[in-house]
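Read through the structure below, which is laid out as structure tokens, and then see the notes.
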Amino acid sequence: MALKSSQLGKKTFYDPFKDETTEFRGNDISWIEEWKEFTTAIKEKREPMGNGSDGLEALKMVNAVYASTQTGVVVKL
């Protein structure tokens, strides 16, 4: 199933909550391709291209961005 739009909700510390809808032209096949890679990796008994370690490192980066934004200090990883 291709996505046609995306709903984003955003809450900042100082502004009221707002949401916005982004309309995509054409089809977004990224989730389909990611799912195909994941299921193929399971069938082939290998790790997927994006594995748990990648996800953990991405979350560390996101948390560092939030911490840096709140403190005004560069957070080294």
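The values are calculated or read from the model by the stated rules, or taken from the named source; none is laboratory data. Everything numeric here is computed off the predicted structure, so don't read it as measured data. Here the Cβ positions follow ideal geometry from the backbone for every residue, glycine too, while neighbour counts run over all protein chains shown. The protein model used for the area step is the full one, side chains on, heavy atoms only, and it has no ligands, DNA or RNA in it. Shrake-Rupley method; radii C 1.70, N 1.55, O 1.52, S 1.80 Å.
Quick look at the numbers
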{"quantity": "Restricting segment 60-77 to residues that are open to solvent by 90 Å² or more (accessible area, probe 1.4 Å) and hydrophobic (A, V, I, L, M, F, W, C), the residue that is farthest from TYR14 (Cα to Cα)", "calculated": "LEU77"}
{"quantity": "Residues of segment 1-23 satisfying the condition of being modelled with pLDDT of 70 or more and part of a strand (DSSP E or B)", "calculated": "LYS18, ASP19, GLU20, THR21, THR22, GLU23"}
{"quantity": "The listed residue being of a type in the set (Asp, Glu), surrounded by fewer than 10 Cβ atoms within 10 Å (Cβ to Cβ) and modelled with pLDDT of 90 or more, out of GLU57, GLU37, GLU44", "calculated": "GLU44"}
{"quantity": "Within segment 19-59, tally of residues that are more than 30 Å from LEU77 (Cβ to Cβ) and either in contact (Cβ under 8 Å) with a residue 60 or more places away in the chain or touching a helix residue (DSSP H, G or I) at 6+ places or on another chain (Cβ under 8 Å) (or both)", "calculated": "0"}
